Amino acid sequence: MKREDYLSWDEYFMGIALLAAKRSKDPGTQVGACIVSPDNKILTMGYNGMPTGCHDDDMPWEREGDPLETKYLYVCHAEFNAILNNGGRSLKGATLYATLFPCNECAKAIIQSGIQKVIYMEDKYADTDAVVASKRMFDMVGITYEAYEVKHKKIVIEL
Ligand SMILES: Nc1nc(=O)n([C@H]2C[C@H](O)[C@@H](COP(=O)(O)O)O2)cc1CO
Ligand SMILES: [Zn+2]
């Protein structure tokens, strides 16, 4: 008889997004994204971080103060990195698993790349203009978004 406690597709892909987030150097919020084809093949992944060649130790990670000395002008969002890391594969009809709801800038890239569905874990910035604008665009173009439903509270990986 087969095992019963295996991971569902959603748990597998969100688990991978959560693992990717653990690569983030951001002391504030670590975000991960995993993009999957309609036939459940992983196409690409990403996490939030500084652009390649902009060294983590030389870049600001502050949230407040002189804008030029905060992370916001520099950091690449997880979803944006995942889209850019596609390795030439089409993202048409794909599903994006994101540990945090995508912002308006990532929403634009999500739309333009042909992603059709977003499954997100957290939506802690739901009240910000960025997320309101993001949902407005998703609604307009018919991209569906749904909150990830937690079933297994814990997935343990021991190394
Ligand atoms: N959807 C998102 N994907 C992301 O990768 N990010 C990144 C940008 C920053 O590095 C961090 C947010 O930092 P903080 O403001 O919570 O300290 O997460 C942020 C959002 C929010 O829209
Ligand atoms: Zn974004």
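The values are calculated or read from the model by the stated rules, or taken from the named source; none is laboratory data. Just so it is clear, the model here is predicted, and its values are computed rather than measured. As a convention, Cβ positions derive from the backbone with ideal geometry for all residues, glycine included, and neighbour counts pool all protein chains shown.
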Quickly run through the range 107-122 and pick out the residues that are in contact with a Ser or Thr (Cβ under 8 Å, 6 or more places away or on another chain), within 15 Å of ligand 2 (Cβ to nearest atom) and not β-branched (Val, Ile, Thr). Ala107, Tyr120, Met121, Glu122
Being part of a loop (DSSP other than H, G, I, E, B) and within 16 Å of ligand 2 (Cβ to nearest atom) is the filter here; which residues of the range 54-73 pass it? Arg63, Lys71, Tyr72, Leu73
For a quick check of your reading of the model, give me the residue pairs whose first member lies in the range 66-90 and is of a type in the set (A, V, I, L, M, F, W, C), whose second is part of a helix (DSSP H, G or I) and within 8 Å of ligand 1 (Cβ to nearest atom), with beta-carbon atoms closer than 8 Å and at least 6 apart or on different chains. Phe80/Cys106; Ile83/Cys106
Give the residues of the range 4-53 that are hydrophobic (A, V, I, L, M, F, W, C) and part of a strand (DSSP E or B), sorted by residue number. Ala33, Cys34, Ile35, Val36, Ile42, Leu43, Met45
Only unsatisfied item for Trp61, checking (1) under 17 Å from the mean Cα position of the chain (by Cα); (2) within 22 Å of Tyr125 (Cβ to Cβ); (3) aromatic (Phe, Trp, Tyr), is (1)
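Can you tell me which of Asn86, Asn81 is closer than 16 Å to Ile16 by Cβ, part of a loop (DSSP other than H, G, I, E, B) and at pLDDT 95 or above?
Details: Asn81 fails: part of a loop (DSSP other than H, G, I, E, B).
When all the criteria are applied, what remains is Asn86.
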What number of residues within the range 77-125 satisfy the criterion of being in contact with a helix residue (DSSP H, G or I) (Cβ under 8 Å, 6 or more places away or on another chain) and over 21 Å from Phe13 (Cα atoms)? 4
If you scan the range 99-132, which residues turn out to be of a type in the set (S, T, N, Q) and in contact with a Phe, Trp or Tyr (Cβ under 9 Å, 6 or more places away or on another chain)? Thr99
Residue by residue through the range 93-114, note down the ones that are more than 14 Å from ligand 1 (Cβ to nearest atom) and outside any strand (DSSP E or B). Gly93, Ala94, Ile111, Gln112, Ser113, Gly114
